[in-house]
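One structure is given below, encoded as structure tokens.
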Amino acid sequence: MQIGAQMYTTRESCQTLEGFATTLERIAEIGYKTVQVSGTCPYEGEWLRDQLRRTGLKCVLTHIPVPRLQGELDKVIRDHEIFDCDNIGLGWWAFDPEKDMSYEKFMKTFPPIAEKIHESGKYFMYHNHDQEFKRRNGKPILECLAEEVPADIMGFTLDTFWVQAGGGDPAQWLERLSGRIPCIHLKDYAYGRQMAVVGEGNINFDRVFEKAEAGGTKYMLVEQDDCHGEDPIECLRRSYLYLKACGFE
């Protein structure tokens, strides 16, 4: 398994193409070889391809806004072909009818999108938060999604922090979703429900690593949405050093 950086961590410095390019350089300087592109300013596929080549990084996953998945899917797929990324992700769905984001609307909207992505040779990835641990017909929503959407068209970017925030066991859920977790998010959980640098919180990452590897994970992407006033690059650096000490690069 290879470690990478989820650029949502550094989103504030990526709201211009110049800042985006500089941030890619800084991530590469830490030692990361892969990234997930998420939360940045708009970019063209050719631009990102050239920046990845320049910095020696590989983009292995993205998060794409819902309007683009619905209205520009052909271009989204072409762009991923241009910058050689196999996984196209959706970063959030509320599963809340009051926000016009019900479970039923998800099931109507995204399986057809996932099928078209599959037909292109790419893979649709859904990223969980804690709301997927609300119960639907006696089961967590995450379990319902896994049962009702075929594994060959949708995988899960399981997020260790958000699983624990929802009352789940990250390692157990990695085991339950084995075979459809090529990319996961590593995010530590500290006292007070705070996000932390990997290795500086309380998640049992030894079990996470074991179950991720057994489940076919290729990329473990470090994400820290809230760095509590610290430099996000410094947080990514400390996470990298912890993971490198665990034997990963």
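The values are calculated or read from the model by the stated rules, or taken from the named source; none is laboratory data. Model, not experiment: these values are computed from the prediction. For neighbour counting, all protein chains shown are included, and Cβ atoms are generated from backbone atoms with ideal geometry for every residue, glycine included.
Residue count for the stretch 215-244, restricted to those that are free of Cβ contacts under 8 Å to residues at least 12 places away in the same chain and of a type in the set (A, V, I, L, M, F, W, C): 1.
Would you confirm whether or not the stretch 53-66 contains a residue that is more than 18 Å from residue 4 (Cβ to Cβ) and within 18 Å of the chain's Cα centre (by Cα)?
yes
If you go through the stretch 212-249 and keep only what is among the aliphatic types (A, V, I, L, M) and either closer than 22 Å to residue 63 by Cα or modelled with pLDDT under 95 (or both), you end up with 212, 220, 221, 222, 233, 236. Taken over the stretch 146-199, the criterion of being among the hydroxyl-bearing types (Ser, Thr, Tyr) and outside any helix (DSSP H, G or I) is satisfied by 157, 178, 189, 191. Would you say residue 62 is surrounded by 21 or more Cβ atoms within 10 Å (Cβ to Cβ), in contact with a helix residue (DSSP H, G or I) (Cβ under 8 Å, 6 or more places away or on another chain), among the polar types (S, T, N, Q) and over 26 Å from residue 213 (Cβ atoms)? Judged against the criteria, residue 62 is not a match. Scanning the stretch 78-110 for residues that are buried (at least 16 other Cβ atoms within 10 Å of the Cβ) and either of a type in the set (Val, Ile, Thr) or in a helix (DSSP H, G or I) (or both) yields 79, 80, 88, 103, 106, 109, 110.
Results for (1) closer than 24 Å to residue 249 by Cβ; (2) in contact with a helix residue (DSSP H, G or I) (Cβ under 7 Å, 6 or more places away or on another chain); (3) touching a residue at least 24 places away in the same chain (Cβ under 8 Å), shown as yes or no for each residue.
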{"position": "4", "(1), (2), (3)": "yes, no, yes"}
{"position": "16", "(1), (2), (3)": "no, no, yes"}
{"position": "36", "(1), (2), (3)": "yes, yes, yes"}
{"position": "50", "(1), (2), (3)": "no, no, no"}
